[in-house]
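Peer 1: Got a structure here, written out as structure tokens. Questions coming.
All of the numbers you see were taken from the coordinates with simple rules; none came from a lab. Every value quoted in this text rests on a predicted model; they were computed, and no experiment measured them.
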Amino acid sequence: MRNLIYYLTIGLFIIGCASSIKTTTTKDIQLPDGAVRIANEELEYELIIIDIGFETYLATIAKPESYYSQEYYELKNKLYVFEWNVRARNPLRYNNAIYENEINYDSAIDYGLEVNYKLFNYFKFVEHKYKQRFY
């Protein structure tokens, strides 16, 4: 139940777990409508995006996944995550309703094209929906 509360209150987060730790996976938990979940059980990570309109944004406004290379998405995500985490650490300066939690994104891990694409587009979605500029 505690995990479900975190999922409902967070806009975006990535969970990384050590292989020796057993955790409850979100595939066993009912996610709200419109939630986007990307997971790779082998690498033991998942990306859950719960923000109304993101699924529609991906389908209508976002460029196709193959528009940029994985390397491009990784580079941009590294910059976006850094700026996001700066804002998440400064709730008095930035809207903490948008930047509720830090993002645990390790640029040394190969998350694959799909995850990097969706993470990149989540940042674009935040810029579009909330009129934010990251850099």
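Peer 1: Give me, ordered by chain and number, the residues 5 or more places off residue 134 or on other chains with an amide H under 5 Å from its own placed amide H.
Peer 2: So residue 134 has HN proximity to no qualifying residue.
Peer 1: Report the Stokes-Einstein translational diffusion coefficient (µm² s⁻¹, integer) for the range 22-135, Rh taken as the Kirkwood radius over Cα pairs, at 20 °C with viscosity 1.002 mPa s. Kindly include the intermediate steps, with their values, before the conclusion.
Peer 2: On the way: Rh = 15.0 Å.
Here the translational diffusion coefficient equals 143 µm²/s.
Peer 1: Mind jotting down the distance between the C-alpha centroids of the range 89-108 and the range 115-132, whole Å?
Peer 2: 14 Å
Peer 1: Between residue 133 and residue 78, 0.36 nm times their residue separation minus their Cα-Cα distance comes to what?
Peer 2: Values: separation 55, 0.36 × 55 = 19.80 nm, distance 1.54 nm.
Full extension of this stretch gives 18.3 nm more.
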